[in-house]
1. Just checking, which of LEU17, LEU78 is open to solvent by less than 100 Å² (accessible area, probe 1.4 Å), part of a strand (DSSP E or B) and at pLDDT 80 or above?
2. Does region 51-65 include one or more residues that are open to solvent by less than 50 Å² (accessible area, probe 1.4 Å), at pLDDT below 75 and assigned to a loop (DSSP other than H, G, I, E, B)?
Amino acid sequence: MSEKQEVNKLPFIFTALGTLFLTMAVLHFYGYLNFAREEEGLLVAEFSLVTIGSAEAGQLQAKAANHVAECVDGVMILHDTRHNGLSGLLVDNRQRVVRCSAQSVPLAR
């Protein structure tokens, strides 16, 4: 009968934990991890709803805003064109996510 040698598991545990912490440090260093708190949320701009046919609709500026919105997985994502990489969810004043449908909007001609 052969006797099994008992393997010391402590080096495996330290290697796994070290790999985890090193991976987290590298991801944080390159900016892939962002530990932002809710109170640190950046207010990029404020928006208003202008209904079609209202008096305000005739007073809009011809120059477009510096923001582009897109529908991703049913929520509205807002991208700032002045700051590369600055994106976020579009929320209302009560911090509720603005939902959208993935239907395409006809282009104005």
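1. Details: LEU17 fails: part of a strand (DSSP E or B).
None of the other options fit; the residue is LEU78.
2. So in region 51-65, the residues open to solvent by less than 50 Å² (accessible area, probe 1.4 Å) come out as 54, 57.
Checking the rest, the ones that are also at pLDDT below 75 come to 54, 57.
After this cut, where a residue has to be assigned to a loop (DSSP other than H, G, I, E, B) as well, the list is 54.
Yes, the conditions are met somewhere in region 51-65.
The values are calculated or read from the model by the stated rules, or taken from the named source; none is laboratory data. Worth saying up front: this structure is predicted, and the values here are computed from it rather than measured. Ligands, DNA and RNA are stripped out before the accessible areas are found, and what is left, the full protein with its side chains, is counted by its heavy atoms. Shrake-Rupley method; radii C 1.70, N 1.55, O 1.52, S 1.80 Å.
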